[in-house]
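The next block holds one structure in the form of structure tokens; read it before the comments.
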């Protein structure tokens, strides 16, 4: 699991950081089981709007992104997934610095334009 792979300090986000973020986001551990806090725990994702998901290889959230993509697809939700195999969490903020960031934002923009055109 990507959480275990990213337990050190070599990347921008690691397992300890994620535990801290969970404590801020949902301090009550029991509430973390609620699908509104953890969508992967939902009994069904059917009926959700189309989704565009971005994942980065060196990110503790990587595997959750892949799993969410699979679960949405299995529920019949249109989903597009873009994975950037050389990148870290947050790389998409490095526009005009990292080529993959430029590509990721261009892909996201294309997906938004397509969704608006289809609406």
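For this structure, a couple of remarks:
- Residue in segment 83-93 that is part of a helix (DSSP H, G or I) and buried (at least 17 other Cβ atoms within 10 Å of the Cβ) present: yes
- Residue that is farthest from residue 108 (Cα to Cα) [pool: residues in segment 47-70 that are part of a loop (DSSP other than H, G, I, E, B) and modelled with pLDDT under 95]: 60
- Tally of residues being under 16 Å from residue 12 (Cβ atoms) and touching a helix residue (DSSP H, G or I) at 6+ places or on another chain (Cβ under 9 Å) across segment 78-94: 8
- When each of 44, 73 is tested for being without any contact (Cβ under 8 Å) to a residue 12 or more places away in the chain and either in a loop (DSSP other than H, G, I, E, B) or surrounded by 14 or more Cβ atoms within 10 Å (Cβ to Cβ) (or both), the lone residue that passes is 73.
- Residues of segment 95-112 satisfying the condition of being outside any helix (DSSP H, G or I) and closer than 15 Å to residue 57 by Cβ: 98
- Some residue of segment 97-110 being surrounded by 15 or more Cβ atoms within 10 Å (Cβ to Cβ), touching a helix residue (DSSP H, G or I) at 6+ places or on another chain (Cβ under 8 Å) and closer than 22 Å to residue 1 by Cβ: no
The values are calculated or read from the model by the stated rules, or taken from the named source; none is laboratory data. These figures come from a predicted structure and were not determined experimentally. Neighbour counts are summed over all protein chains in view; Cβ atoms, including those assigned to glycine, are modelled from backbone coordinates with ideal geometry.
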